[in-house]
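Step one of this worksheet: look at the structure below.
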Amino acid sequence: MSTIALIAGDGHELSAYKAGPADATMGLVVVQEIFGVNGHMRFASDALAEAGFAVICPALFDRAERGVELGYGAEDRDHGLALRAKITEDQVMLDIEAAAASLGTKTIGIIGYCWGGTIAWWGATRSQSFKAAIGWYGGGIAATRTETPHCPVQLHFGAEDHGIPLTDVDAIRAAQPGAEVFVYERAAHGFGCEARASFNEGAFSLAQTRSLDFFRRHLAV
């Protein structure tokens, strides 16, 4: 576990959290929420690393403010939203590509949470770097649901997520019949984050198991 520097295609330098065995054959780009590469993102990255994946979690907010680690209160949420608004989708993808490139010749997947769930979807549709993509409660997926994925996709949503109505989930299913889409009852937004009041251990455990199985199925060489 360490922090490394990445260089994006436009010359921007960003930090990234790195974890997992160096000799892993499968690598994952883990994409942050709007709260930076905070304790939860390190926790999520470490869990994937312990499952045998080499993991890189890039600090996407470095383009707007470096060293961002926010909590989950209203003030921190507003700060995160303001930072997100300063970064373009194209810049995000440059940073994601830099993270993927740092994994070298490994077979690579991408997984993201919240804002990162949407970015993981873009990783499937706007990049050729990934062999599998997973998004957890990505609120922007519905708006870009007609984009064409270049790899298998798995998506996870909470049935009680007030920011992502089930009508959005239905629209995603209709637009992407080839994607695996799961909805978790009694689960709200952020159900997989142990630091949030909305954490749902049962939904998290099931979604985590499905995610690991999906990656092992599609990234194994």
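Please return the ranges of helices (runs of 4 or more DSSP H) entirely within segment 111-221 where 2 or more residues are touching a residue at least 40 places away in the same chain (Cβ under 8 Å). Before you say what the answer is, go through the steps one by one.
On the way: elements: 115-125, 166-175, 201-219.
In segment 111-221, 115-125, 201-219 are the helices (runs of 4 or more DSSP H) which contain 2 or more residues that are touching a residue at least 40 places away in the same chain (Cβ under 8 Å).
Residues that are among the charged types (D, E, K, R) and closer than 16 Å to MET41 by Cα within segment 52-90 comprise ASP62, ARG66, GLU69, ASP76, ARG77, listed in sequence order. None of ASP90, ASP95, ASP62 is part of a helix (DSSP H, G or I), acidic (Asp, Glu), surrounded by fewer than 20 Cβ atoms within 10 Å (Cβ to Cβ) and at pLDDT 95 or above except ASP90.
Screening GLY71 on (1) assigned to a strand (DSSP E or B); (2) over 16 Å from the mean Cα position of the chain (by Cα); (3) of a type outside the set (Phe, Trp, Tyr) shows it passes everything except condition (1). Evaluation of ASP23 against the conditions (1) out of contact with any strand residue (DSSP E or B) (no Cβ under 6 Å at 6 or more places or on another chain); (2) in contact (Cβ under 8 Å) with a residue 24 or more places away in the chain; (3) not in a helix (DSSP H, G or I) shows that the sole unmet condition is (2).
Regarding HIS79, is this residue modelled with pLDDT of 95 or more, more than 19 Å from the chain's Cα centre (by Cα), farther than 20 Å from SER129 by Cβ and buried (at least 19 other Cβ atoms within 10 Å of the Cβ)? Criteria met by HIS79.
The values are calculated or read from the model by the stated rules, or taken from the named source; none is laboratory data. All figures in this text were calculated on a predicted structure; none of them were measured in a lab. When we count neighbours, we look across all protein chains shown, and the Cβ atoms used for this are built from the backbone with ideal geometry, even at glycine.
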